[in-house]
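The values are calculated or read from the model by the stated rules, or taken from the named source; none is laboratory data. Source: prediction; values computed, not measured. Here the Cβ positions follow ideal geometry from the backbone for every residue, glycine too, while neighbour counts run over all protein chains shown. Calculation scope for accessible area: heavy atoms of the full protein, side chains included, ligands and nucleic acids excluded. Shrake-Rupley method; radii C 1.70, N 1.55, O 1.52, S 1.80 Å.
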Amino acid sequence: MKKWIKYFPLALLFSIGVVAQAADKPAEIRFSIPSTSFQTTNAFYPVAELVIDHKLLEKEFAADGIKIKYSILKGAGPAVNESLAAGLGDFGNYGDLPVILGKAGGLPTKLVLGHEQGGNTFILARAELHINSLKDLKGKKIAIQKGTAGETNFYRFIEANGLNSKDFRIVNLSGADGQAALAAGSIDALSSGYDRPLVDQGLATVVADTRKFPNSIKSRGALVVTDAFARKYPDITKRVVKVFIEAAHFVSQDKNLPELLRVTTKAGYKYKYQREELVNTSLKDKYNPLLDQDLVNHYKAIVDFSLQHKLIRSKFDVDQFVDKSYSEAALKELGLQHYWDKH
Amino acid sequence: MSKIKFTVLLLGSLLIGNANLQAAAKTSKHVSTERKTEAEVVEKEPAPAIETTDDDKLVTQRELQGLNSEVALLRDQLTRQLDRNIANSARSLTISGILQNRYTGVTSSNVPQASNGFSFGSAAVVSFSGALKKDYDEGRNLTYVFSLNGAIAPYNVQPNDVYLQYSIFQSLDPEKSTLNFVFGQQKKPFGLEPQVGEDKTPAANTAIFAGGSGLNLAARDFGIQFKGDFFPAYDAGYNYRVPFIEYAVGLYNGSGANATDTNKSKDVVARIALNAPVDYSSDFRGLTFGSSIYTGKKDLALNNGGTLITGGGGSASRVRYGQDISYVSSPIGFTAEYAVGRDESALSGTTIANAVKSTTESRGYTLTLFYQWGEQFLKLARNEDRLDDWWPKTYQPFIRIDHWDPNTAISGNETSIVTYGFNLFFAQTTKLQLNYNVSNIRATNTKANQFIAQFQFGF
C-alpha cells in the first residue's frame, strides 16, 4: 500500500505525459495581433481583419473542435512580442520591424507567410508653416513612433530622399499624441500612415509621401509561428497558413475591393483614404503573401537597418528564420502556386 | 466652449465615418471564401462575388439633408447634456479610487484576542489626478495628485497623496535619462515594503518594520523629492525600458502626514537601486538591488511614554538604513529586505540640561516568495481590448516571513509573522486576498493564528 502511494504521483505524471504526447491537435489556437489605433478591438492588417470578420479559421477548424482565440493588442508589435514570449500566443501577425526585433531578442519563432506590401507613409507639416518639401523640414521637430514599423518606414523614406535622422529633431510620440501635438503646434511635422484627419481639418498639409516610391521601401508584415507550436502541430500550422493564403487570395482580386473596403472601414480606417490607397493599386501585388526572394531581401534589409540604428545588437540568419514549407504545401493544395508573381 | 466645438466636430466625424461604413457596406455583398464541393458548383452556377460596384454613386440632397438633421439633433442633445448633466473641470482630471474591505478572524490564540470582525483594510482612497501642463515637445509635464483616505482610524477622511510633479528632463525618449521633482505630501523613497506596489508586495498587511509599530517608513510626509534614473536600457522589440541606476533624494518635515513641522530640522531620505540592464528576453530581467537611508532629527522625548523634554532646542537623532533585493520576472517573484533603525531618546531628565540620552536599535526583515498563473502583471494585459469586459484571471500563491525586533539590546521581544497567502485577480481593478498569518509575539508570549479575507477594488 505504502509503495503504491509512493509511486502514484510518478505514475500520474507519466500518464499525463502520455496523454499529452498522444494529442495531435491543440485545444485552441491563439493569435496575437496588433489593433488599429482607431478601433482597438479590430486587427491592424486587412488580411487578418478579413480572417476574423469572415470567421475563416473558426470554419476551418470547426470539425476538429479546435477553438480560435484572438488577442487584439493596443500595444502594437511590441505587445505581440510580449505575448509570444510569455507563451500566450501561437501565431503573431504583425509588422516587419517588431518581427525582426523579437527574433533578434531570442524569440523562438519562424516566419511562415508574408502579407501586405507597403502601407504608404505621409509626412504632414503644420499648415501655417507652408512647407512643401522634405528638405524644408531640416532642423524642424518631427514626431515618429519608435519601435513600430512606422519608424523604419520613416527612416527608409528620408534616406531615399538623401536625408538622415540628424537632419531633423526627432520626437517619440504615439500616433494619437503626435496628432494632438501637431494640432497644438508643439511639433512641426509628423510621420503618419495614410489616414490624415488633420489634413481634412486644414491643420496640416502633406509635405511628402511614399505613393510614388517602390514597394521595397515600405513595410511588409508577416505571419510568424512559435517553434514549439510548429514542431508539435505541423499540419495545423499548414492549415492556418492556408487560411491566411485564402484570405490574401480573396483581397488580391479587384472584384472583392468593396468587401475589403467594408472590412477595413469597420476596423476604423477612414473610407476615403482606404479607397484612395487601394483603388489605383494592384491588389494582387499589394497582398502577395509569397515568401519569395523579394520578401527575404526585405527582411535582410530591415535586419541591417536595425543593426545600423542600434535597435538590435547582432544579426541573425533570415534564411533560417523564413520557413517556406508550410506556405508551399498550402499553395499547392489550393492550386495557387502560380497565382502571384514571384520576385 | 472649445470642448463643445471639439465634441461636435468629433460627433460629426463619427457620423460621417458611420455613413462611410454604411456606404461601404451598401456597395458590397458578403462574400464567403468557403470552397464549394464539385457537386455544388455543378448544381448552381456560381454567381460573381461582386457584380457591379456603385462606389461612385452620389448621395441625394434628401439623404444629405437627413444626415445634417441628425448631426444637428445630436449637437443639441450634447449641448443640453453638457450644460446639465456632465461634470466638467478646469484642467485634465482622472478620478480613481482604491478600497479594501476585509474580514479578520483569529483562528487560534493562547491569550484573549480582539473579536473577529469586518473592517476597512488600509485604504478607502479616492484620488484626483491629471496634467496641469502637458509638454508635447519633450514631455516635461507638470502633473498633480490629490487623494483622500477614509480608512485610517477613527475613519476621518484625511489627505493622503497631495503633490505636484514636474519632469525636469525630457520624458518621451525611452533611451534617455529622466529626472522628476515632486513637491507635497507623498511616500518616502525607502525600501520596497514601504513604497512599492502589488507587483512586489502580495500580502494584505504591510511588513512590521514599515508600519506604525515599526519604523513608520510607509507613512507619508510633507517635503520635496528628486527622483530619476541613469543609463536606461531599452528593448524596442518589447517596448521594455529598464534604467541601470534609479535614484531618489527627498527632504521632509519628519513629522508625518497631515501634521505641521515642530522643529527647524528636516529629514533626508535617499535611495539608490541598481537594475539588471538587460533585454526583455534575458533571465535577469527584473533583478534589482537597492539601498536606502533615512536620517533626521526629532524633538527629544523620554523613551518611556514619549514625554517631551522641555527647554527648547532639544533634539534626538533618527536614522534608518536598509538593503533590498528583488527578482520579479513573471511567473516567479522573490523579494528580501532588511532595515535597521537607530532612535535617540532621553533615558531620564526633565530639561535639556539634565537629559540623559540613549540610542535604541531596532531591526526588521522580510522574505517573500510568490508564483503567479495568469497575465495580470504583463503589460500586454493592459494593452488588450475586447468588446466584452474581459480581464485575465490570475492566481498568485505566496509566502512571506516578516520579522521585527524593536530593541536589539533586549532579547525575547521579537515578533515573527509567517503569512501563507493566495491572491485571485479576477477583474481589471479587483482582487481577492486570502492571508493566513501565523504570529509569534515573544514580548507578550502570544502565539496567534489569524485569517484575513480582503477584497481590494478600484475604479
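Among the residues of the stretch A:85-97, just one is within 10 Å of another protein chain (Cβ to nearest Cβ), surrounded by 24 or more Cβ atoms within 10 Å (Cβ to Cβ) and out of contact with any Asp or Glu (no Cβ under 7 Å at 6 or more places or on another chain), namely A:89. Residue A:107 satisfies every condition listed in (1) assigned by TED's automatic domain parsing to the domain that holds residue A:193; (2) within 21 Å of residue B:236 (Cα to Cα) except (1). A single member of B:186, B:170, B:195 is open to solvent by less than 50 Å² (accessible area, probe 1.4 Å) and closer than 26 Å to residue B:377 by Cα, and it is B:186. All of B:208, B:245, B:224 fail the test of being in contact with a strand residue (DSSP E or B) (Cβ under 6 Å, 6 or more places away or on another chain), closer than 30 Å to residue A:84 by Cα and at pLDDT 95 or above, apart from B:245. Here residue B:238 meets the list (1) free of Cβ contacts under 8 Å to residues at least 24 places away in the same chain; (2) farther than 25 Å from residue B:132 by Cβ almost entirely, failing just condition (1).
Matching residues to (1) in a helix (DSSP H, G or I); (2) more than 14 Å from chain B (Cβ to nearest Cβ); (3) of a type outside the set (A, V, I, L, M):
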position: A:131; (1), (2), (3): no, yes, no
position: A:146; (1), (2), (3): no, no, yes
position: A:157; (1), (2), (3): yes, yes, yes
position: A:163; (1), (2), (3): no, yes, no
position: A:178; (1), (2), (3): yes, no, yes
position: A:183; (1), (2), (3): yes, no, no
position: A:199; (1), (2), (3): yes, no, no
position: A:216; (1), (2), (3): yes, yes, yes
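Residue B:76 meets the conditions (1) open to solvent by less than 80 Å² (accessible area, probe 1.4 Å); (2) among the acidic types (Asp, Glu); (3) in contact with a Leu (Cβ under 7 Å, 6 or more places away or on another chain) in every case but one. The failed one is (3).
Kindly check whether there is at least one residue in the stretch B:242-264 that is within 14 Å of chain A (Cβ to nearest Cβ) and surrounded by 15 or more Cβ atoms within 10 Å (Cβ to Cβ). Scanning the stretch B:242-264, I find at least one residue that is within 14 Å of chain A (Cβ to nearest Cβ) and surrounded by 15 or more Cβ atoms within 10 Å (Cβ to Cβ), so the answer is yes. Summed over the stretch A:280-298, the residues that are closer than 19 Å to residue A:321 by Cβ and not polar (S, T, N, Q) give a count of 8.
Could you count how many residues in the stretch B:135-147 are open to solvent by 40 Å² or more (accessible area, probe 1.4 Å) and within 24 Å of residue B:101 (Cα to Cα)? So the count comes out to 1.
Scanning the stretch A:250-288 for residues that are open to solvent by less than 10 Å² (accessible area, probe 1.4 Å), over 18 Å from residue A:210 (Cα atoms), part of a helix (DSSP H, G or I) and more than 9 Å from every other protein chain (Cβ to nearest Cβ) returns a single hit, A:251. Can you report the number of residues in the stretch A:51-66 which are closer than 21 Å to residue A:264 by Cα and in contact (Cβ under 8 Å) with a residue 24 or more places away in the chain? Result for the stretch A:51-66: 5. Scanning the stretch B:425-454 for residues that are open to solvent by 20 Å² or more (accessible area, probe 1.4 Å), under 23 Å from the mean Cα position of the chain (by Cα) and at pLDDT 95 or above yields B:432, B:434, B:453. The number of residues in the stretch A:298-316 that are within 17 Å of the chain's Cα centre (by Cα) and open to solvent by 10 Å² or more (accessible area, probe 1.4 Å) comes to 3. Hey, can you tell me all the residues within the stretch A:98-112 that are at the interface with another protein chain (Cβ under 10 Å from one of its Cβ atoms) and out of contact with any Asp or Glu (no Cβ under 6 Å at 6 or more places or on another chain)? A:98, A:99, A:100, A:101, A:102, A:103, A:104, A:106, A:107, listed by residue number.
The lone criterion from (1) more than 30 Å from residue A:147 (Cα to Cα); (2) touching a helix residue (DSSP H, G or I) at 6+ places or on another chain (Cβ under 9 Å); (3) acidic (Asp, Glu); (4) modelled with pLDDT under 90 left unmet by residue B:337 is number (4).
Where strands (runs of 3 or more DSSP E) fall wholly inside the stretch A:62-117, the ranges with 2 or more residues that are more than 26 Å from residue A:218 (Cα to Cα) and modelled with pLDDT of 90 or more are A:67-73.
For the structure I just gave you, tell me whether residue A:149 is in contact with an Asp or Glu (Cβ under 6 Å, 6 or more places away or on another chain), at pLDDT below 90 and surrounded by 21 or more Cβ atoms within 10 Å (Cβ to Cβ). Yes; evaluated as a whole, the condition is true for this residue. The residues in the stretch A:317-339 that are under 20 Å from the mean Cα position of the chain (by Cα) and surrounded by 14 or more Cβ atoms within 10 Å (Cβ to Cβ) can be counted, and the count is 7. Scanning the stretch A:37-77 for residues that are within 11 Å of chain B (Cβ to nearest Cβ) and under 11 Å from the mean Cα position of the chain (by Cα) yields A:76, A:77. For the stretch B:184-197, indicate whether the set of residues that are farther than 27 Å from residue B:325 by Cα and over 19 Å from the mean Cα position of the chain (by Cα) is non-empty. Taking every residue of the stretch B:184-197 in turn, none turns out to be farther than 27 Å from residue B:325 by Cα and over 19 Å from the mean Cα position of the chain (by Cα).
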